[in-house]
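What follows is a set of notes on a single structure, which appears directly below.
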Amino acid sequence: MDPEGLALLLPPATLAALAESWLREDCPGPNHAALVTGAAPSQAVLWAKSPGVLAGRPFFDAIFAKVNCQVSWFLPEGAKLVPVARVAEVRGPAHCLLLGERVALNTLARCSGVASAAAAAVEAAREAGWAGHVAGTRKTTPGFRLAEKYGLLVGGAAAHRYDLGGLVMVKDNHVVAAGGVEKAVRGARQVADFALKVEVECGSLQEAVEAAEAGADLVLLDNFKPEELHPTAAALKARFPGVGVEASGGITLASLPQFCGPHIDVVSLGMLTQAAPALDFSLKLFAEGTVPVY
């Protein structure tokens, strides 16, 4: 999917509400620095100072729109950043531009970091000759999930379920609470009806077979070593070819190729959102008629 079109997934009202909440967190009271800068018309250049994938333009735009500033972009969403790159220009009253600066940079840096990690994971999977889905997980930052899930998509990965309502995921604790795999899946199928799929986290081939027999659409083989994962997935697919198989649990960019195989449909990595390093961006004001510097 074209990264430019992904912005259509983001409801404008939600973007505006997020931008307002982030700005309020950063400045809930008097902005004393505004007296230093004043309200004179100003301009600044956004510089990318580390390599990666640009992601988060809609969030950046929404933040500056809230403080009456305008953004002009020089690079498209999903662009590969080669530092030092001139990414955008922001114009508006000086005190407003600086009020939005840190919030906008934080958001863009974090979202781009997730997109960069996702792109690296997808590239590793494709280089291994695997055409399945590289996915994120629900291991996201509270209050920042939309931006992180969006970053996954810009990087070419699958976002996985957005929240608890997107898929009925029966995890190990659900199985214990329900009194077994079969009971847990039966209960999940009752609430899933025709609209939702049911996925069951399994720690053995026996559990995976029980889940498939009970009606699971997908089986999550969690924390399997590669040498155990692939024979288990092959045995399950031999009996239940229509059941999707997901591998997850402690997978890193380095180890990802070991988990890619012909019987694996999805490999999910929590580190794409939990451990992705933020990219380095800076916003530098410049005087009209001068050459911007970083």
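The values are calculated or read from the model by the stated rules, or taken from the named source; none is laboratory data. Source: prediction; values computed, not measured. For neighbour counting, all protein chains shown are included, and Cβ atoms are generated from backbone atoms with ideal geometry for every residue, glycine included. Note: accessible area is taken over every heavy atom of the protein model, side chains too, but ligands, DNA and RNA are not part of it. Shrake-Rupley method; radii C 1.70, N 1.55, O 1.52, S 1.80 Å.
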(1) crowded, with 20+ Cβ neighbours inside 10 Å; (2) β-branched (V, I, T); (3) more than 28 Å from A119 (Cα to Cα) all hold for T290 apart from (1)
Boolean, V36 is more than 21 Å from the chain's Cα centre (by Cα) and either in contact (Cβ under 8 Å) with a residue 40 or more places away in the chain or open to solvent by less than 40 Å² (accessible area, probe 1.4 Å) (or both)
no
Candidates V191, V198, filtered to the one that is farther than 30 Å from E25 by Cα, among the aliphatic types (A, V, I, L, M) and open to solvent by 60 Å² or more (accessible area, probe 1.4 Å):
V191
So for the stretch 171-190 (the condition being within 20 Å of L9 (Cβ to Cβ) and in contact with a His (Cβ under 9 Å, 6 or more places away or on another chain)), does at least one residue qualify?
no
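Matching residues to (1) of a type outside the set (V, I, T); (2) open to solvent by 10 Å² or more (accessible area, probe 1.4 Å); (3) in contact (Cβ under 8 Å) with a residue 40 or more places away in the chain:
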{"position": "V209", "(1), (2), (3)": "no, yes, no"}
{"position": "L229", "(1), (2), (3)": "yes, no, no"}
{"position": "F240", "(1), (2), (3)": "yes, yes, no"}
{"position": "G249", "(1), (2), (3)": "yes, yes, no"}
{"position": "L253", "(1), (2), (3)": "yes, yes, yes"}
{"position": "P257", "(1), (2), (3)": "yes, yes, yes"}
{"position": "V266", "(1), (2), (3)": "no, yes, yes"}
{"position": "L272", "(1), (2), (3)": "yes, no, yes"}
A184 vs (1) crowded, with 16+ Cβ neighbours inside 10 Å; (2) part of a helix (DSSP H, G or I); (3) in contact (Cβ under 8 Å) with a residue 60 or more places away in the chain: all pass except (3)
Inspect the stretch 90-97 for any residue being in contact with a strand residue (DSSP E or B) (Cβ under 8 Å, 6 or more places away or on another chain), of a type in the set (A, V, I, L, M, F, W, C) and not in a helix (DSSP H, G or I) and give the result as yes or no.
yes
Residue that is farthest from the chain's Cα centre (by Cα) [pool: residues in the stretch 86-142 that are in the same structural domain as L15 (by the TED database) and of a type in the set (S, T, Y)]
T107
Test each condition in (1) open to solvent by less than 20 Å² (accessible area, probe 1.4 Å); (2) under 24 Å from F259 (Cα atoms); (3) at pLDDT 95 or above for H133 and report the one that comes out false.
(1)
Among the residues of the stretch 53-111, count how many are closer than 21 Å to T14 by Cα, of a type in the set (S, T, N, Q) and open to solvent by 20 Å² or more (accessible area, probe 1.4 Å).
3
